[in-house]
Each structure stands twice: as structure tokens, then as C-alpha cells.
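Here's the structure we're looking at; comments come further down.
Quick note: the coordinates plus some simple rules give every number you see, no bench work behind them. Computed from a predicted structure; not experimentally measured. In this analysis, Cβ positions are derived from the backbone assuming ideal geometry, glycine residues included, and neighbour counts consider all displayed protein chains.
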Amino acid sequence: MSFSFEQAPTIRMGEVKAFLPDVMYVACKKNYTIEAKDLEEFKAYRLKTIGDKPFFTILDMTKGLVSASRDAKAWAATNNKSSAKRRHDVFIVSSWLTKFKVNLYQFLFKPKTKTKVVRSLEEAQEFIAEFKKKNPI
């Protein structure tokens, strides 16, 4: 499966390369620390572009190590309204360290939204397509 991408503006944490009816894709900035206010900005942008419906998030972290502040991790793990709408978060990573950090985040914060770590956009697309087939709304 291949997504068609539409260009969209840059938000603080990175370039929003695409929005589809139910997929938000962000190419995260290199060596960026995501703050809670970044997640709030992303949520506002999502509501403006695709509305308040269930969606997938693809966070492309291949440009370099991306981290999240303590407040961002807590916001993402406990924001019930946002978590209820996110069907799955998919992280694209290029290093074992970033993969380790994502897995550590999952273990420590136990987010309500399930996450998947992949190595490429193609793998992310295939995962989402399979997930939709197995878990229709």
C-alpha cells in the first residue's frame, strides 16, 4: 500500500508532510526535544486538518535522535481525549538507540495508545494497512 502525500506547513516539532483522512505524518526535527506544547500544537493542527476522528500518527525520527521531555511523555500517556482518538502511533527510527528510547518510553509510561517501531515509511504504510484490515472501525 502506498499513501499519497499532500504538503502541509511546518509545526514546532517538525514538518507535517502529509495528512490523509486518518493518518498524520510528521518528519521530526533533528536532535529535537518534544515538549507538551508541541503535542498541543500537533493536536490543534490535526483537528483543523482531519477533524476529531480516529487517526494514526507516523513520527519519522530518522533525521537524528529525538527525545521527549518529561511533561510531553506525561501529556501523551495521560491525555485521555487524544489517546481515545489515536488508533496507533508508528515511529520510524534509524538507530537502535532511538528504538530503545521508544521501547523504554512504552515500558515506563504505559501509554494508552499502542505503538509500533519500524525502520521505513514503507514498513509504516504496510503496518497501518494491515492494522486497518484486522481492526476496522
_If R₀ is 41 angstrom, what is the calculated FRET efficiency for the pair SER120 and ALA84, using the beta carbon separation as r and rounding to 0.05?_
0.90
_Going Cα to Cα from LYS133, which lysines come in below 19 Å? Please leave out same-chain ones fewer than 8 positions away._
LYS53, LYS85, LYS114, LYS116
*Among residues other than LYS63 whose Cβ falls under 11 Å from its Cβ, what is the net charge (Lys/Arg +1, Asp/Glu -1)?*
0
*asked:* Please compute the contact order of the chain in relative form: average sequence separation of alpha-carbon pairs under 8 Å and at least six residues apart, divided by the residue count, as a percent.
replied: 22 percent
*Identified option (computed log10 I(q)/I(0) by the Debye sum over Cα atoms at q = 0.14, 0.15 Å⁻¹; candidates (i) -0.58, -0.68; (ii) -0.95, -1.05; (iii) -0.73, -0.82)*: (i)
*For the chain, what does -39500 (n - 2.57) per DSSP helix run (n ≥ 4), summed and divided by total residues, give at 222 nm, in deg cm²/dmol to the nearest 500?*
-12500 deg cm²/dmol
_Using a Förster radius of 22 Å, what is the FRET efficiency between ALA77 and LYS30 based on their Cβ-Cβ separation? Nearest 0.05, please._
0.35
*How high is the FRET efficiency from GLU41 to LYS110, r the C-beta distance, R0 22 Å, rounded to 0.05?*
0.35
